[in-house]
Amino acid sequence: MMISYAFLERLQKKRLLVKTRKRGLHKGSRRSNAFGSSLEFSDFRAYQPGDDVRQIDWNVFGRTQKHYIKRFLDEQELSVVIYLDMTSSMRAHPGKWEQARKLAASLSFVVLAGEDRLTFIPVATHSAPIRRKGAVHRKGVFREIAGLEDTERSGDFYEQLGKVMARNQQLAIIISDGLEPIEKVEATLRKLCSARQEIWFIQLLGNEEIQPVYDGDLKLVDSEMGTAVNVSLNPTLIGNYQRRLAQHNEQLEAVCRRFGSHYMLVNADTDIQTILFHDFPRHVLMN
């Protein structure tokens, strides 16, 4: 997987946009709307009984003969968990699988570059979770996630996700093809919402899944179950498939919206830079 230095330099300047105002347990570099004790000056306000006298600006007092204290923007740490679907259906198409790893690695890079706390969980695999904090880890984690591989057959993404679900997170990002039954998606989102986590659902589909171009007699093999079926593809059958896929995706988006989650459909054949530097800002997920 070839990633240019220029790409990472550009990515390093990006930050995730979250709605949460929950305070982290440690200082970070993310500015909040609360006022605290960082070194970033905000403004002055009149001194009030109980304020720390060490915050009085004596230069202002010398000019105005009034007591004012400095206010600073509090620096908050964001806790982010990224769940990457590593079931067989995600890995069956090399292009989709490579793009999924690139996307997960890039978002992890952005989290760490912002001095935020990352938990990366590859779901339905024996690969171990990654937990890091700080920009010093950004390149190493990027390489580790981008190089993930697994050859074992696995399925039921949501059942496995329920077993490894992380707690005490402010933002949960799910990267999956989202093709499982809507009921399973709904149950997972309900659990995440009950933990007061903001949720981004990134549905990643390959172009051949969105607009199949196959024709004639084919043998289709279920990548997760290993079962096979012989079909005769024709324009009518493909049209029915596309309508069912569109209906499924509409239901998926509706479920996400009902739980206050952000839904984003990504074509895996789109260039990663277009996804990150155009699509994510357009969805107001990154600046």
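The table for this structure:
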| quantity | calculated |
| --- | --- |
| Candidates 54, 71, 117, filtered to the one that is closer than 22 Å to residue 16 by Cβ and at pLDDT below 95 | 117 |
| Extreme residue, surrounded by the most Cβ atoms within 10 Å (Cβ to Cβ), among residues of region 237-287 that are among the charged types (D, E, K, R) and closer than 16 Å to residue 16 by Cβ | 279 |
| Test result for residue 152, at pLDDT 95 or above and surrounded by fewer than 19 Cβ atoms within 10 Å (Cβ to Cβ) | no |
| Qualifying position, being without any contact (Cβ under 8 Å) to a residue 24 or more places away in the chain and among the polar types (S, T, N, Q), among 194, 127 | 194 |
| Contacts under 7 angstrom Cβ, first residue in region 233-247 being in the same structural domain as residue 203 (by TED's automatic domain parsing), partner surrounded by 11 or more Cβ atoms within 10 Å (Cβ to Cβ) and in a strand (DSSP E or B), 6 or more apart | 233/218 |
| Residue 130, sole failed condition from (1) at pLDDT 90 or above; (2) out of contact with any Ser or Thr (no Cβ under 8 Å at 6 or more places or on another chain); (3) over 26 Å from residue 246 (Cα atoms) | (2) |
| Matching entry among 192, 179 (being of a type in the set (A, V, I, L, M), touching a helix residue (DSSP H, G or I) at 6+ places or on another chain (Cβ under 8 Å) and modelled with pLDDT under 95) | 179 |
| Residue within region 121-140 that is over 16 Å from the mean Cα position of the chain (by Cα), assigned by TED's automatic domain parsing to the domain that holds residue 267, part of a helix (DSSP H, G or I) and buried (at least 18 other Cβ atoms within 10 Å of the Cβ) present | yes |
| Residue among 118, 112 that alone is touching a strand residue (DSSP E or B) at 6+ places or on another chain (Cβ under 7 Å), assigned to a helix (DSSP H, G or I), under 20 Å from residue 200 (Cβ atoms) and not acidic (Asp, Glu) | 112 |
| Residue selected from region 195-224 under the condition over 20 Å from residue 91 (Cα atoms) and at pLDDT 85 or above, by the criterion surrounded by the fewest Cβ atoms within 10 Å (Cβ to Cβ) | 196 |
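The values are calculated or read from the model by the stated rules, or taken from the named source; none is laboratory data. Predicted model only: the values in this text are computed from it and were never measured. We place every Cβ from the backbone using ideal geometry, glycine too, and count neighbours over all the protein chains shown.
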